[in-house]
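S.K.: Mind looking over this structure? Questions follow.
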Amino acid sequence: MKHLYFPFVCTDKKEIILKGPDFHYLTHVLRFKKGTSFRGIDVTGQRYLLQVKSIMNDSVLLAVEMGERVLEELPPIVLFQAFTKGKVMDRIIRQATETGVSRIIPVMTDHTIVQPTSGKSIENRFQRWGRIIKGALQQSDGAILPHVSPPLDIQEAIKLAGGLKLFFHQEKKENRTLHECLDHNSSEIDIFIGPEGGFSDSEYNFLKKSGFIPINLGDTVLRVDTAAIFALAAIKILLLEKEKWRKV
């Protein structure tokens, strides 16, 4: 564990009590004892130094000392991800969290195989995604809590895009390069990843008319979860090295 993630704001607290899974994880998995110090981070990106003050039967009391706030220097990245099978979607959400996306919007497309069956089904998925996001943040030492939206159809989803709009696909059509697209400063980067089978022709045309720029993923056909991390990694590296390649 790089740090303990809190799904709430801790800035006004000198002590906090943890129960349930966090208590079990700290005391039974990590076997922390009284006096053990470690790091934490909350939903705002504020870091903390934490120390175990006492361990009760079903809870642990932690002393809280504020550290430096984590500031993200890159523009926020929003992932519009075609809704896919459970374990595949889980992997995408975990990997997207590790890369530092700020928002994940599941999208229903023409080639979407799995459809949400009920409100209970979606609720269970959100609970699982919440656990996945927390674990990914703690493992990767990330500071950005991505918000996961309810699944939307493609017509509604694109209304939420407000920055540089890109969509990735396997067709060699009228593509621009990522360098060219990212050369301009943007307040937000919105990327759209299709489902198994890719975008339909009507969706391709719809995205283009809606202002999304097509970006080719290369000569090979990638699995949907591979395509997502491939695109996110490419964007993140180019943004991190932007000042250097701009000078070339």
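The values are calculated or read from the model by the stated rules, or taken from the named source; none is laboratory data. Keep in mind that what you see is a predicted model, and the values were worked out from it rather than measured. Positions of Cβ are generated from backbone atoms using ideal geometry, with glycine treated the same way; all protein chains shown enter the neighbour counts.
S.K.: Quick one: how many residues across segment 72-115 are polar (S, T, N, Q), surrounded by fewer than 23 Cβ atoms within 10 Å (Cβ to Cβ) and under 12 Å from the mean Cα position of the chain (by Cα)?
M.R.: Number satisfying all stated conditions: 3.
S.K.: If you check 233, 228, which single one turns out to be within 17 Å of residue 181 (Cα to Cα) and in contact with a helix residue (DSSP H, G or I) (Cβ under 7 Å, 6 or more places away or on another chain)?
M.R.: On the way: 228 fails: within 17 Å of residue 181 (Cα to Cα).
The conditions single out 233.
S.K.: Please go through segment 1-53 and give me each residue that is of a type in the set (Phe, Trp, Tyr) and surrounded by 14 or more Cβ atoms within 10 Å (Cβ to Cβ), ordered by number. I'd like the intermediate steps shown before the answer.
M.R.: Taking segment 1-53 first, the residues of a type in the set (Phe, Trp, Tyr) are 5-6, 8, 23, 25, 32, 38, 48.
Passing the criteria: 5, 6, 23, 25, 32, 38, 48.
S.K.: Scan segment 146-176 residue by residue and report those that are out of contact with any strand residue (DSSP E or B) (no Cβ under 8 Å at 6 or more places or on another chain) and more than 14 Å from residue 208 (Cα to Cα).
M.R.: The answer is 156, and nothing else.
S.K.: While we're looking at this one, here's another question. How do the pairs read when you match residues in segment 29-43 that are on the phi < 0 side of the Ramachandran plot with residues anywhere that are of a type in the set (Phe, Trp, Tyr) and exposed (fewer than 14 other Cβ atoms within 10 Å of the Cβ), using Cβ under 9 Å and keeping only pairs 6 or more apart or on different chains?
M.R.: 42/8; 43/8
S.K.: May I pose another question? Suppose we filter 141, 110, 190, 183 for residues that are of a type in the set (Asp, Glu) and under 30 Å from residue 30 (Cβ atoms); which single one remains?
M.R.: Numbers: 110 fails: under 30 Å from residue 30 (Cβ atoms); 190 fails: under 30 Å from residue 30 (Cβ atoms); 183 fails: under 30 Å from residue 30 (Cβ atoms).
On inspection, the qualifying residue turns out to be 141.
S.K.: If I go through segment 196-234 residue by residue, how many of them are in a strand (DSSP E or B) and closer than 23 Å to residue 89 by Cα?
M.R.: 3
S.K.: Assuming residue 135 fulfils every condition listed in (1) more than 29 Å from residue 44 (Cβ to Cβ); (2) under 14 Å from the mean Cα position of the chain (by Cα) apart from one, which condition is it?
M.R.: Answer for residue 135: the failing condition is (1).
S.K.: How about segment 1-25: which of its residues are out of contact with any Lys or Arg (no Cβ under 9 Å at 6 or more places or on another chain) and assigned to a helix (DSSP H, G or I)?
M.R.: 20, 22, 23, 24, 25
S.K.: Name the residues in segment 1-28 that are closer than 16 Å to residue 67 by Cα, in contact (Cβ under 8 Å) with a residue 60 or more places away in the chain and of a type outside the set (Ser, Thr, Tyr), would you?
M.R.: 2, 3, 4
S.K.: From the list 71, 79, which residue is modelled with pLDDT of 95 or more and under 30 Å from residue 164 (Cβ atoms)? If you could, list the steps in order and put the result at the bottom.
M.R.: Numbers: 71 fails: modelled with pLDDT of 95 or more.
The match here is 79.
S.K.: Also: Please indicate, with yes or no, whether at least one residue in segment 175-186 is on the phi > 0 side of the Ramachandran plot and either surrounded by fewer than 21 Cβ atoms within 10 Å (Cβ to Cβ) or of a type in the set (Asp, Glu) (or both). I'd like the intermediate steps shown before the answer.
M.R.: So in segment 175-186, the residues on the phi > 0 side of the Ramachandran plot come out as none.
No: segment 175-186 contains no residue that is on the phi > 0 side of the Ramachandran plot and either surrounded by fewer than 21 Cβ atoms within 10 Å (Cβ to Cβ) or of a type in the set (Asp, Glu) (or both).
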